[in-house]
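Trainee: After the structure tokens below, expect a handful of questions from me.
The values are calculated or read from the model by the stated rules, or taken from the named source; none is laboratory data. As the structure is a computational prediction, the values presented were derived from the model and not from experiment. FYI the Cβ positions are ideal-geometry reconstructions off the backbone, even for glycines, and counts take in every protein chain you see. Ligands, DNA and RNA are excluded from the accessible area calculation, which covers all protein heavy atoms including side chains. Shrake-Rupley method; radii C 1.70, N 1.55, O 1.52, S 1.80 Å.
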Amino acid sequence: EIYTLSLHDALPIWSWMQGKSYPDGCTIKRSDLRYLQVLHYDAEGKVHKGELVCNRKIAADLLDIFQKLYEAHYPIERMTLVDDYDANDERSMTANNTSCFCYRVVTGSKHLSKHAQGLAIDINPLQNPCVKTRKDGSTWVQPKAGKKYTNRKNKYPYKLEKGDLCYRLFIEHGFSWGGNWRSTKDYQHFEK
């Protein structure tokens, strides 16, 4: 049930990505990407088959991490291809969709994100939003619907916390966590 495929062997997936997560002009080679299927539990204890596309460099890491999260019944609400949301990051995150590869620039810049390289993953992003406090004291939150989850002292069914199993597994595999960043706190985000 848990496996990885080259996108050369996953032609329907590759076709689905065209013009969405893999737009015209994408500079990432198809041969550098892998399609993964993994099992995961939701907060109600139901088992789901999740899927994502990542860089081949982290495919083995992700398979090992998600196998251990599955064995521990760690809750992940949803894990479908970002292409199911037309590669619209806001829509995917609002659906609390865990995803990895999506060719895009860092919000507010011209630099490719780690997601564009398939080297970053967002886990349960609605309940673990990206939060930045601006100089004027206002708060920017992504996804916007994640504003009610910015108080990290509260409990949420899909909350990711420093020190929890998900955090420990990603750190053990050499990833860094956006929740440890200084000015912006990206609680959903792990990258390598």
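Trainee: List the trypsin sites (Lys or Arg not before Pro) within segment 116-184 that fall in a DSSP loop (any state other than H, G, I, E or B) and whose Cβ has at most 14 other Cβ atoms within 10 Å.
Mentor: Details: sites: 132, 134, 135, 144, 147, 148, 152, 153, 155, 159, 162, 168, 182; in loops: 134, 135, 152, 153, 155, 159, 162, 182.
Hits after loop and neighbour filter: 134, 135, 153, 155, 162, 182.
Trainee: What FRET efficiency would be calculated for the residue pair residue 138, residue 86, taking the C-beta separation as r and a Förster radius of 25 Å, to the nearest 0.05?
Mentor: 0.30
Trainee: Strictly under 4.7 angstrom between C-beta atoms: which cysteines of the chain have no such partner?
Mentor: Singleton cysteines: 26, 102, 130, 166.
Trainee: Hey, another quick one. I'd like the distance separating the alpha-carbon centroids of segment 55-88 and segment 97-121, in whole Å.
Mentor: 15
Trainee: Which percent of Cα pairs goes in each bin when the distances of segment 74-119 are cut into 10 angstrom slices starting at zero?
Mentor: Going from the shortest bin to the longest, the percentages are 28, 53, 18, 1.
Trainee: Taking loop as defined by DSSP and a crowding limit of 11 other beta carbons within 10 Å, which GluC sites (Glu not before Pro) in segment 37-139 fit?
Mentor: Hits after loop and neighbour filter: 44.
Trainee: Let me ask you something else. Which loop trypsin sites (Lys or Arg not before Pro) in segment 1-94, with loop taken from DSSP, have no more than 11 other Cβ atoms within 10 angstrom of their Cβ?
Mentor: 29, 46
Trainee: Length gain on complete extension for the stretch residue 110 to residue 152, per 0.36 nm per residue less the alpha carbon to alpha carbon distance?
Mentor: On the way: separation 42, 0.36 × 42 = 15.12 nm, distance 3.01 nm.
In short, 12.1 nm is gained.
Trainee: Per residue, how much accessible area does the chain have with a 1.4 Å probe, in Å²?
Mentor: Per residue, the chain has an accessible area of 49 Å².
Trainee: Tally up the carbon and sulfur contribution to the accessible surface of segment 65-106 as a whole percent, 1.4 Å probe, everything protein left in place. It would help to have the intermediate numbers written out before the result.
Mentor: On the way: 780 of 1580 Å².
Using a 1.4 Å probe with all protein chains present, segment 65-106 comes out at 49 percent carbon and sulfur.
Trainee: For the chain, calculate the relative contact order in percent as a whole number, restricting contacts to Cα pairs under 8 Å that are 6 or more residues apart. Walk me through the numbers before you get to the answer.
Mentor: Numbers: 386 pairs, mean separation 33.1, N = 192.
RCO, the chain: 17 percent.
Trainee: For segment 136-192 and segment 1-48, what is the separation of their C-alpha centers, rounded to whole Å?
Mentor: If we compute the Cα centre of each part, the gap is 24 Å.
Trainee: Follow-up. Using +1 at the C-beta of Lys and Arg and -1 at the C-beta of Asp and Glu, which of 188, 169, 143 has the Cα lying farthest in the positive direction of the dipole of segment 126-192?
Mentor: 143
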